[in-house]
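Scroll down for the structure; my scribbles are underneath it.
The values are calculated or read from the model by the stated rules, or taken from the named source; none is laboratory data. Note that the structure is predicted; figures quoted are calculated from it, not measured. Reconstructed Cβ throughout: ideal geometry from the backbone, glycine too, with neighbour counts over all protein chains shown.
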(Lines give C-alpha, C1' and ligand atoms only; values in the text may rest on other atoms or scores of the structure.)
Protein backbone atom coordinates (compact mmCIF):
# COMPACT_ATOMS: atom_id res chain seq x y z
CA UNK A 1 0.00 0.00 0.00
CA UNK A 2 2.84 2.40 0.80
CA UNK A 3 4.74 1.69 -2.42
CA UNK A 4 1.59 1.99 -4.55
CA UNK A 5 0.87 5.39 -2.99
CA UNK A 6 4.50 6.55 -2.85
CA UNK A 7 3.86 9.48 -5.19
CA UNK A 8 0.98 10.78 -3.11
CA UNK A 9 2.88 10.31 0.16
CA UNK A 10 6.01 12.00 -1.20
CA UNK A 11 4.09 14.98 -2.54
CA UNK A 12 1.95 15.41 0.59
CA UNK A 13 4.94 15.36 2.92
CA UNK A 14 6.71 17.91 0.72
CA UNK A 15 3.59 20.11 0.52
CA UNK A 16 3.22 20.01 4.32
CA UNK A 17 6.98 20.63 4.70
CA UNK A 18 7.48 17.39 6.63
CA UNK A 19 10.78 15.58 6.26
CA UNK A 20 9.96 11.96 5.54
CA UNK A 21 11.96 8.77 5.57
CA UNK A 22 10.44 5.80 3.85
CA UNK A 23 10.86 3.35 1.02
CA UNK A 24 13.05 4.13 -1.98
CA UNK A 25 9.97 4.96 -4.03
CA UNK A 26 8.89 7.64 -1.56
CA UNK A 27 12.31 9.34 -1.68
CA UNK A 28 12.21 9.22 -5.48
CA UNK A 29 8.83 10.96 -5.46
CA UNK A 30 9.41 13.82 -3.04
CA UNK A 31 10.29 12.27 0.31
CA UNK A 32 13.47 13.45 2.01
CA UNK A 33 15.32 10.15 2.25
CA UNK A 34 15.15 6.41 2.37
CA UNK A 35 17.15 3.92 4.38
CA UNK A 36 16.31 0.29 4.16
CA UNK A 37 16.88 -3.05 2.55
CA UNK A 38 17.59 -3.40 -1.13
CA UNK A 39 14.47 -5.34 -2.16
CA UNK A 40 15.88 -6.89 -5.38
CA UNK A 41 18.88 -8.17 -3.41
CA UNK A 42 16.60 -9.52 -0.68
CA UNK A 43 14.45 -11.32 -3.28
CA UNK A 44 17.56 -12.91 -4.84
CA UNK A 45 18.64 -14.06 -1.40
CA UNK A 46 15.19 -15.57 -0.81
CA UNK A 47 15.33 -17.31 -4.19
CA UNK A 48 18.64 -18.97 -3.25
CA UNK A 49 17.08 -20.33 -0.06
CA UNK A 50 13.99 -21.57 -1.90
CA UNK A 51 16.26 -23.23 -4.46
CA UNK A 52 18.00 -25.16 -1.67
CA UNK A 53 14.64 -26.36 -0.32
CA UNK A 54 13.41 -27.40 -3.76
CA UNK A 55 16.62 -29.38 -4.26
CA UNK A 56 15.93 -31.39 -1.12
CA UNK A 57 17.46 -29.51 1.82
CA UNK A 58 15.36 -29.52 4.94
CA UNK A 59 14.39 -25.96 5.92
CA UNK A 60 15.51 -26.67 9.50
CA UNK A 61 19.03 -27.45 8.19
CA UNK A 62 19.40 -24.13 6.35
CA UNK A 63 20.96 -21.42 8.50
CA UNK A 64 18.98 -18.26 9.04
CA UNK A 65 20.26 -15.41 6.89
CA UNK A 66 19.71 -11.74 7.42
CA UNK A 67 19.66 -9.08 4.77
CA UNK A 68 23.11 -7.57 4.38
CA UNK A 69 22.60 -4.89 1.74
CA UNK A 70 20.98 -1.64 2.82
CA UNK A 71 20.57 1.55 0.77
CA UNK A 72 20.64 5.19 1.75
CA UNK A 73 18.95 7.53 -0.71
CA UNK A 74 18.79 11.29 -0.21
CA UNK A 75 16.54 13.61 -2.19
CA UNK A 76 18.41 16.93 -2.36
CA UNK A 77 15.54 18.67 -4.15
CA UNK A 78 13.36 18.01 -1.12
CA UNK A 79 16.14 18.94 1.32
CA UNK A 80 16.54 22.33 -0.40
CA UNK A 81 12.76 22.86 -0.49
CA UNK A 82 12.63 22.22 3.27
CA UNK A 83 15.65 24.46 3.92
CA UNK A 84 17.74 21.60 5.28
CA UNK A 85 21.52 21.38 5.05
CA UNK A 86 22.69 17.83 4.44
CA UNK A 87 26.23 17.27 5.72
CA UNK A 88 28.74 16.33 3.01
CA UNK A 89 29.74 13.26 5.03
CA UNK A 90 26.17 11.96 4.84
CA UNK A 91 26.00 12.67 1.10
CA UNK A 92 29.26 10.78 0.63
CA UNK A 93 27.77 7.71 2.32
CA UNK A 94 24.57 7.76 0.26
CA UNK A 95 24.06 5.07 -2.36
CA UNK A 96 22.00 7.50 -4.42
CA UNK A 97 21.58 11.27 -4.30
CA UNK A 98 18.59 12.67 -6.16
CA UNK A 99 19.36 16.11 -7.56
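Residue 57 passes every criterion in (1) surrounded by 12 or more Cβ atoms within 10 Å (Cβ to Cβ); (2) in contact (Cβ under 8 Å) with a residue 12 or more places away in the chain apart from (2). Examine the range 60-70 for a residue that is assigned to a strand (DSSP E or B), surrounded by 10 or more Cβ atoms within 10 Å (Cβ to Cβ) and either in contact with a helix residue (DSSP H, G or I) (Cβ under 7 Å, 6 or more places away or on another chain) or in contact (Cβ under 8 Å) with a residue 24 or more places away in the chain (or both), and state whether such a residue exists. Checked the range 60-70: at least one residue is assigned to a strand (DSSP E or B), surrounded by 10 or more Cβ atoms within 10 Å (Cβ to Cβ) and either in contact with a helix residue (DSSP H, G or I) (Cβ under 7 Å, 6 or more places away or on another chain) or in contact (Cβ under 8 Å) with a residue 24 or more places away in the chain (or both). Just to verify a result, which residue in the range 1-43, among those that are exposed (fewer than 12 other Cβ atoms within 10 Å of the Cβ) and part of a helix (DSSP H, G or I), is modelled with the lowest pLDDT? This residue is 15.
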